[in-house]
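Following: one structure in structure tokens, then a few remarks.
The values are calculated or read from the model by the stated rules, or taken from the named source; none is laboratory data. Bear in mind that the values here come from a model prediction, so they are computed numbers and not experimental data. A quick note on method: Cβ atoms are made from the backbone with ideal geometry, for glycine too, and the neighbour counts reach across all protein chains shown.
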């Protein structure tokens, strides 16, 4: 004689009364679903990227110092010019000596005359991919002005570096990123696709920014993922980048490759 179970009675009764009873999913499915939702919540608490500190790229310029140019809002005196001519660039301490002397007369360091070149990396922090749709420069127009620099002390360029990856014209009303590589140039949005996640490799970026003004600025990365979209700000250790373009400087001192001394530009022989 067959044994009648409670489950069998329930199923028979349900069939008689036209009731559909769905079997509960396995416990493991509930666990996986719960874990997935918990991971999604954790992902949403993370910023989309982690940024490395920017590194200023001197690949096309003399190396060895934190800054490559110095600006002063007046002309050098005759005594100051003699001191500058006397700095021997063969001396490994010459960069430190120049920096100390330049600061003592009120000069300020600048990254470049018309451009800034820097590199940084973005690393994904979420388990699901985050896609970068666009890069653009955010120029703080309230800080922009014409440089007051009259004198510039600069190391001359001695060969170019690698092609720029992202370029920004900071004087454009809408400075979006142009991508330059061995295939040419064009808008980043049309030429490259960056998708970052916590388990993937970081993406490295080399940036060239140009301006005829002195300004503060940051880089904005428009991104989106399965949760939504937003903008991530790339800056200089929590501060804006600064570009100084002393395009109206009338006194330019450069390093002479032959004598390893600073001379006025008009005395330099290419």
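Here are some residues: 86, 60. Which one is at pLDDT below 85 and either farther than 24 Å from residue 166 by Cα or out of contact with any helix residue (DSSP H, G or I) (no Cβ under 9 Å at 6 or more places or on another chain) (or both)?
Step by step, each of 86, 60 is checked, and only 60 is at pLDDT below 85 and either farther than 24 Å from residue 166 by Cα or out of contact with any helix residue (DSSP H, G or I) (no Cβ under 9 Å at 6 or more places or on another chain) (or both).
Can you find a residue that is at pLDDT below 90, over 22 Å from residue 179 (Cα atoms) and buried (at least 17 other Cβ atoms within 10 Å of the Cβ) anywhere in region 119-133?
No, there is no match, as no residue in region 119-133 is at pLDDT below 90, over 22 Å from residue 179 (Cα atoms) and buried (at least 17 other Cβ atoms within 10 Å of the Cβ).
Working only within region 148-168, note down all residues that are surrounded by 16 or more Cβ atoms within 10 Å (Cβ to Cβ) and at pLDDT 90 or above.
Result: 149, 150, 151, 152, 153, 166, 167, 168.
Of the residues in region 170-208, how many are surrounded by fewer than 13 Cβ atoms within 10 Å (Cβ to Cβ), modelled with pLDDT under 90 and assigned to a loop (DSSP other than H, G, I, E, B)?
3
Run down 148, 128 and say which single residue is farther than 26 Å from residue 224 by Cβ, assigned by TED's automatic domain parsing to the domain that holds residue 240 and outside any strand (DSSP E or B).
Of 148, 128, the one residue that is farther than 26 Å from residue 224 by Cβ, assigned by TED's automatic domain parsing to the domain that holds residue 240 and outside any strand (DSSP E or B) is 148.
Test residue 218 against the criterion of being within 26 Å of residue 152 (Cβ to Cβ), out of contact with any strand residue (DSSP E or B) (no Cβ under 6 Å at 6 or more places or on another chain) and in contact (Cβ under 8 Å) with a residue 12 or more places away in the chain, and give yes or no.
Here the answer is no, as residue 218 does not meet what is asked.
Being at pLDDT 70 or above and farther than 30 Å from residue 201 by Cβ is the requirement here; does residue 41 meet it?
Here the answer is no, as residue 41 does not meet what is asked.
For the structure I just gave you, tell me whether residue 210 is in contact with a strand residue (DSSP E or B) (Cβ under 9 Å, 6 or more places away or on another chain) and under 30 Å from residue 148 (Cβ atoms).
The answer is yes for residue 210.
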